[in-house]
Amino acid sequence: MEKNISSSLKLVARRDRSDSVVEVNGIEIGAKKIVVIAGPCSVESRSQILETARAVKKAGAQMLRGGAFKPRTSPYSFQGLEEEGLKLLAEAREETGLPIVTELMAPDSLDLVLSYADVLQIGTRNMYNYPLLRAVGGVNKPILLKRGFSATVDEWLNAAEYVLKSGNSQVMLCERGIRTFENLTRFTLDLSAVPAVKKLSHLPVLVDPSHGTGHRSLVPPMSKAAVAAGADGLLIEVHPQPEKALSDGPQSLNFDEFGDLVQGLRLVAEAVHRSL
Ligand code: PEP
Ligand code: MN
C-alpha cells in the first residue's frame, strides 16, 4: 500500500510516529475515547442552534458543528448566516460548553472565523485550495480537513502536508464520501480509507456518514461501521426538524435518532477497545 503513496509526505507520514492527539479545549481527538461532533448542516436561527446544542450535548456529543459560510452547489441556495451564524454558535458554546467546529471557505474570512471557532473545517470542495491550506497552516487552532470528493488518499494526505508544512500540526482528517458511479447514495463512504490512513499517517481520522451517504437511515449503521474500522470520531448532522432544514435535511437526524445512535455506538466502541 505504501508504494502508492508519495514520498513527499514528510510530516504527515506515519513512519515510526505514534498516534497524534489533537486537543480542543481539553477534549482529545485521536486518543482512546471516540469523539462525536454533532449539529446542523447550517446555523439557521438562534432557537435552532441553541436547541440542537442542548440536545446533542445531552445525548453525549462533545463538540458542536454548524456552518455559517456554506459552500452550496447552487448560488440560489441558502448561503449561511455568516457572522450572525458565528455569533449564534458562540452563544451556544457559552451556554453548553461545547467547542465549535465551523467551516472556513476563503482566506479573506480567516480572522473573522478564527475569532469565533474552536476548530476550522476545510470542506470537501476546498481540499485542493492550496492558498487556503497554507493560510490555516499559519494559525494556532485545530483544523478538520475533509477529503475532497474526488481526491485520492494520496492527494488528501498531501493537502494535510500543506497545513503541517505551513506550521500547524493540529490536523484531523475526515472521510466524507467520494464520488463513484453509485447513485443510490449521495456519495460512497470510503471506509477502507480509515484503516488505510491510520496506517499511512499518524493523524486522527474522523468519519462523516451524513454527507457520505446522504440518507438519514444509513447514518447509524455507517457510524457503527466507522467506529469498527478504527475512526477516532464522527461528524453527524442533527436538526430539530430535519424536514424543514435549509440544507441537508434528508441526511440529518432528529434529536431522538441522534440519541439512539450514540447509545448504539457504545458496544461497538467497546468491541474495538475504545470508549465513547
Ligand atoms: C458540511 O459539513 O456541511 C459540508 C458542507 O461538508 P462537505 O464539505 O464534506 O460537503
Ligand atoms: Mn451539510
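The values are calculated or read from the model by the stated rules, or taken from the named source; none is laboratory data. Not measured: the values here are computed from a predicted model. Note that we place each Cβ from the backbone using ideal geometry, even for glycine, and neighbour counts take in every protein chain shown.
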Give me a count of the residues in region 217-253 that are surrounded by 17 or more Cβ atoms within 10 Å (Cβ to Cβ) and either of a type in the set (Ser, Thr, Tyr) or farther than 16 Å from VAL194 by Cα (or both).
17
Only listed residue being within 14 Å of ligand 1 (Cβ to nearest atom), closer than 27 Å to SER252 by Cβ and over 15 Å from the mean Cα position of the chain (by Cα), chosen from THR213, THR180, THR188
THR188
Which of the residues spanning region 121-171 are of a type in the set (Phe, Trp, Tyr), farther than 19 Å from ASP108 by Cα and part of a helix (DSSP H, G or I)?
TRP156
Spans of helices (runs of 4 or more DSSP H) in region 39-114 with at least 3 residues within 16 Å of ligand 2 (Cβ to nearest atom) and at pLDDT 95 or above:
46-59
Condition (residue is aliphatic (A, V, I, L, M), buried (at least 24 other Cβ atoms within 10 Å of the Cβ), assigned to a helix (DSSP H, G or I) and at pLDDT 95 or above) applied to region 172-190: is it met by at least one residue?
no
Among the numbered conditions (1) under 14 Å from the mean Cα position of the chain (by Cα); (2) surrounded by fewer than 24 Cβ atoms within 10 Å (Cβ to Cβ), tell me where GLU155 comes up short.
(1)
Search region 96-107 for residues that are over 18 Å from GLU44 (Cβ atoms) and touching a residue at least 12 places away in the same chain (Cβ under 8 Å) and pair each with any residue that is part of a helix (DSSP H, G or I) and more than 16 Å from ligand 2 (Cβ to nearest atom) when their beta-carbon atoms are under 7 Å apart and the residues are at least 6 apart or on different chains.
PRO99/ARG93; LEU104/LEU110; LEU104/VAL113; LEU104/VAL136; ALA106/LEU132; PRO107/PRO131; PRO107/LEU132; PRO107/ALA135
